[in-house]
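Structure, as structure tokens:
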Amino acid sequence: MKQNKNLEYYLDSRIYSSEDVQKSIEKTKKEFPNKNVKVSITLNEFGMYMITFQFENKNTFFNRIVIKIWRRFQKTLLLNSGNQSRFETYSGERRYGQYKTTRTYKPY
């Protein structure tokens, strides 16, 4: 599963007022219009505003289907990792500038 993403801002309380902090929060929310955002504001011991944005993953029906398909695909890759076709083994061993061996001699 995907993890939630976090974004943190640190603003000095001596320079920025609470109104400026709210404006920066609204500005950041406008930059990410399609995301669910939880905002927390704390004032630490050094006099800095810590603004953390937690972007939540949207659990839609389509996302759940994609995750299920991806898991099935990963399982098949694990099961079929030992059974490679001749083409896959040949294409994996290619090197730049190396000719394919035909094992037939054809003089000019």
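Since every read-out is calculated from the coordinates, none of them should be taken as a lab result. It should be emphasised that the depicted structure is a prediction, and the values quoted were computed from it without experimental measurement. Glycine gets a Cβ as well: all are built from the backbone with ideal geometry, and neighbour counts include every protein chain shown.
Given a cut-off of 31 Å, name the pairs among 27/58; 5/75; 23/68; 23/58 whose C-alpha atoms lie farther apart than that in the structure shown.
Numbers: 27/58 21 Å; 5/75 27 Å; 23/68 40 Å; 23/58 26 Å.
Flagged as over cut-off: 23/68.
What's the extension gain from residue 64 to residue 7 if we count 0.36 nm per residue and subtract their Cα-Cα distance?
The span from residue 64 to residue 7 would gain 18.0 nm if fully extended.
Please give the FRET efficiency for residue 14 paired with residue 40, using the beta carbon to beta carbon distance and R0 = 22 Å, rounded to the nearest 0.05.
0.55
Would you mind calculating the gained length between residue 23 and residue 104 on full extension (0.36 nm times residue separation, minus the Cα-Cα distance), in nm to one decimal?
Full extension of this stretch gives 21.6 nm more.
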